[in-house]
Amino acid sequence: MIVFAAIVPHSPLLMPTVGKEHRDKLAKTVAACQEIEQALYLAKPETLCIIAPHGPRYPDAFSANMAGSYTGTLKSFGDFSTTVTAKSDFMLIDRTHRKLREEGIPFTLTSSEELDYGYTIPILLLASHLQNWKLFPVSPSMMDGKAHYEFGRQIKRVLHAETRRVAVIASADLSHKLSAESPGGASTEGPKFDQAIQEGVVSKDPTALLTMPTDITENAGQCGYRPISTLLGTLDNMNVTAKVLSYEAPFGVGYLVARYDIA
């Protein structure tokens, strides 16, 4: 069953070994992630289903990574000492894959023991005190928000029928085009996107979020729309309490932290 859900960013600057003195500017985000970590621990998940945007992406299919185990590092950010490992919940991945394929949902499997930072950062932020947990790493497709919401609804049919306790985490940075200081420069769509996301993640009706014009979603320079849309689908028709814990953009990239408590 799904017992908890959250949205967290995956900026390497959140890691003390990478962010160093710059991490102080992300104090709100760090504190919010610590709250998520505590709530997640209390939810006692046995599986973390993390939806992250930087893995293999297909134009017309969603995917999951079904390796035997996984390893993530921060080597590409200059930290050669930090390593995380995770066991694969390969049986749950297999059951989900089989069920969705039977239903005609385009869901394929990849296999790589190496986790990119979109998975590694959330694991470092949230799972340090969890015990005996397994990982279900999901990658979005290149389809629109509606398709990802429906994909999330289909995943929910499998996950919520399980006896295993599952937490769903969307690994998502928002716009990289909020101001002249942003990595992608300024755009009019960036602030609009981030505002719409903040409103949409707590709305009981995500229609406005899912029908956001593509010129906003694509020109905002973001990587969180599809993971968040998928997460919202997994919570469809569930009794949840949603709360935005923090939003800040000190480096010109929007970082949102939100939690969903499930009754």
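No value in this document is a laboratory result; all are computed from the given coordinates. As the structure is a prediction and not an experimental result, all values here were calculated from the model. Note that each Cβ is placed from the backbone with ideal geometry, even for glycine, and that neighbours are counted across all protein chains shown.
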Selection count where residues are over 23 Å from T47 (Cα atoms) and among the small types (G, A, S), scope the range 74-89: 3
Can you tell me which residues in the range 90-114 are within 17 Å of Y58 (Cβ to Cβ) and not small (G, A, S)? I93, T96, H97, L100, R101, I105, P106, F107, T108, L109, T110
Which numbered condition P227 misses (of (1) buried (at least 24 other Cβ atoms within 10 Å of the Cβ); (2) in contact with a Gly (Cβ under 6 Å, 6 or more places away or on another chain)): (2)
Restricting the first residue to the range 24-51 and requiring it to be within 27 Å of G145 (Cβ to Cβ), which pairs with a second residue that is of a type in the set (K, R) meet a Cβ separation below 7 Å and a spacing of at least six or different chains? I36/R259; A39/R259; P45/R165; T47/K134; T47/R164
Restricting to the range 240-263, give me the number of residues that are surrounded by fewer than 20 Cβ atoms within 10 Å (Cβ to Cβ) and assigned to a loop (DSSP other than H, G, I, E, B). 4
Counted residues, the range 190-213 - those being within 23 Å of M238 (Cβ to Cβ), of a type outside the set (S, T, Y) and without any contact (Cβ under 8 Å) to a residue 40 or more places away in the chain: 6
Which of the following residues is surrounded by fewer than 19 Cβ atoms within 10 Å (Cβ to Cβ), in contact (Cβ under 8 Å) with a residue 40 or more places away in the chain and farther than 23 Å from Y119 by Cβ: N237, N219? N219
Restricting the search to the range 171-195, which residues are aliphatic (A, V, I, L, M) and touching a helix residue (DSSP H, G or I) at 6+ places or on another chain (Cβ under 6 Å)? A172, L174, L178
Only listed residue being surrounded by 19 or more Cβ atoms within 10 Å (Cβ to Cβ), of a type in the set (D, E), under 19 Å from S139 (Cβ atoms) and within 20 Å of the chain's Cα centre (by Cα), chosen from D173, D194: D173
